[in-house]
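I have placed the structure first, in the form of structure tokens, so that the comments after it can refer back to it.
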Amino acid sequence: MIDFANYLSKAAAKFKQVIVVSGNHELTLDPAMAERSGCFREGSSATGKGGSALDSPEAVARLLRQHCLFVSGHAVDLPVSLAAAPLMPSRKEMRKATRGSARPGPDSYRFVEAGLAAPGVVVHEPPPGSAGATQYGPEASAAPRPPASAEAAAVPAAGAAAAAAAADPPPAAPAGIPPKPEGYIRVTGYPHQPLFCGWAFNVPRGEPIAKIWREIPSDTDVLITHGPPLGQGDRCWRGNRAGCVDLLLAVTGRIKPAVHVFGHIHEDPGISTDGTTAYINAAAVNLRYGPANPPICFQLPLPAAALAGGKPDTADFPVVARRAT
């Protein structure tokens, strides 16, 4: 994790905003799995010989949040001015932006006093008691939030609940997260997937995981989940599909984001669409965990509807996505 944080500190200098969502291999970030696996015992791979300051999921979350927006059940509102890009980067520019350097060792790591979020970005903590919220404690939360602009002024709690109920009755949106403000796009991220081997953030299929997906705000433009929905980038090497049918129902029936990004199934990377949502399996490694798949870059359409608080119109302005080569 120290190596990864070092990488993030360099990536933060190249991109306007870095958002990280954990997944099933991050045992150190799932409190229940960390306790069962004993990954923080002295001498383990997480602590190293003689122990380490990274002795709990809370400590790991604090480390990551020095360099990125570490999202675990959060909704993040990005100003259109921050998210907009005049042109799709060329493949050469993408290779340059994502080119790795020599892997640093733990001794070379230094904390970087960087802001958690770019100017104008608003982070919404998951409401207390949320099924999909990973509780890392107040010291590891995404707060303090940067000052919001006038357009992104927080809606009073009572007003937010009323507005949410009027625009999208329960269970379409979680209580406590205000509607997306005008001039912003909303990114929401969750690390969960249906039961899959003995990994982190496993949730039983059916109602337990459907309850998590019901917490995703309906006005999400870019959804990031670790696992895929059923039928999109979810074919395993044996030919079976590992996607979540409840996630598929939530995405296609209620949320309808412009883009749904995920990974998890290393052997089925790529881009697909159902005509409304672009699905991107952005898995960087192959089945043997080798870094074989180049990154995928997508350009989110931002017509007038997005500037007015609506969703990007993917029918008239399709999402453009490509792999670096």
Per the list (1) surrounded by 24 or more Cβ atoms within 10 Å (Cβ to Cβ); (2) out of contact with any strand residue (DSSP E or B) (no Cβ under 8 Å at 6 or more places or on another chain), residue check on Leu223 breaks on (2)
Counted residues, the range 38-58 - those being at pLDDT 80 or above and surrounded by fewer than 20 Cβ atoms within 10 Å (Cβ to Cβ): 5
One residue is enough: does the range 230-245 have a residue meeting the conditions out of contact with any Phe, Trp or Tyr (no Cβ under 8 Å at 6 or more places or on another chain) and aromatic (Phe, Trp, Tyr)? yes
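Filtering the range 251-293 down to residues that are assigned to a loop (DSSP other than H, G, I, E, B) and of a type in the set (D, E, K, R), which residue is farthest from Ala210 (Cα to Cα)? Full working, then the answer.
Filtering the range 251-293 down to residues assigned to a loop (DSSP other than H, G, I, E, B) leaves 256-258, 263-269, 274-277, 282-293.
So of that shortlist, the ones also of a type in the set (D, E, K, R) come out as 256, 267-268, 274, 288.
Working: Lys256: 16, Glu267: 25, Asp268: 24, Asp274: 21, Arg288: 30 Å.
It comes out as Arg288.
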Can you find even one residue in the range 229-236 that is assigned to a strand (DSSP E or B), without any contact (Cβ under 8 Å) to a residue 40 or more places away in the chain and either closer than 22 Å to Thr134 by Cα or hydroxyl-bearing (Ser, Thr, Tyr) (or both)? no
Filter the range 227-237 for residues that are touching a helix residue (DSSP H, G or I) at 6+ places or on another chain (Cβ under 7 Å) and surrounded by fewer than 19 Cβ atoms within 10 Å (Cβ to Cβ); which is farthest from Gln193 (Cα to Cα)? Gly231
Considering residues of the range 189-201 that are touching an Asp or Glu at 6+ places or on another chain (Cβ under 9 Å) and either closer than 16 Å to Ser130 by Cα or of a type in the set (Ser, Thr, Tyr) (or both) only, the residue surrounded by the fewest Cβ atoms within 10 Å (Cβ to Cβ): Pro191
Kindly provide the set of residues from the range 262-310 that are buried (at least 16 other Cβ atoms within 10 Å of the Cβ), at pLDDT below 90 and either hydroxyl-bearing (Ser, Thr, Tyr) or under 24 Å from Leu249 (Cβ atoms) (or both), ordered by number. Phe298, Leu300
Selected residue (only one of Ala154, Ala210, Ala160 is outside any loop (DSSP other than H, G, I, E, B) and at pLDDT below 55): Ala160
Tell me, which residue of the range 6-37 that is assigned to a loop (DSSP other than H, G, I, E, B) and free of Cβ contacts under 8 Å to residues at least 60 places away in the same chain is surrounded by the most Cβ atoms within 10 Å (Cβ to Cβ)? Val18
So which pairs qualify, if the first residue must be in the range 238-253 and crowded, with 20+ Cβ neighbours inside 10 Å, the second must be assigned to a helix (DSSP H, G or I) and of a type in the set (Phe, Trp, Tyr), the Cβ gap must be under 7 Å, and the two must be at least 6 apart or on different chains? Asp246/Trp213; Leu247/Trp213; Ala250/Trp213
Search the range 205-218 for residues that are within 21 Å of Val187 (Cβ to Cβ) and pair each with any residue that is assigned to a helix (DSSP H, G or I) and of a type in the set (D, E, K, R) when their beta-carbon atoms are under 8 Å apart and the residues are at least 6 apart or on different chains. Ile209/Asp246; Trp213/Asp246; Ser218/Arg254
Since Ile177 meets every condition but one in (1) out of contact with any His (no Cβ under 6 Å at 6 or more places or on another chain); (2) part of a loop (DSSP other than H, G, I, E, B); (3) among the aliphatic types (A, V, I, L, M), which condition does it not meet? (1)
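The values are calculated or read from the model by the stated rules, or taken from the named source; none is laboratory data. What you are looking at is a predicted structure, and each value in this text was computed from that prediction instead of being measured. Cβ: placed from backbone, ideal geometry, glycine included. Neighbour counts: every protein chain shown.
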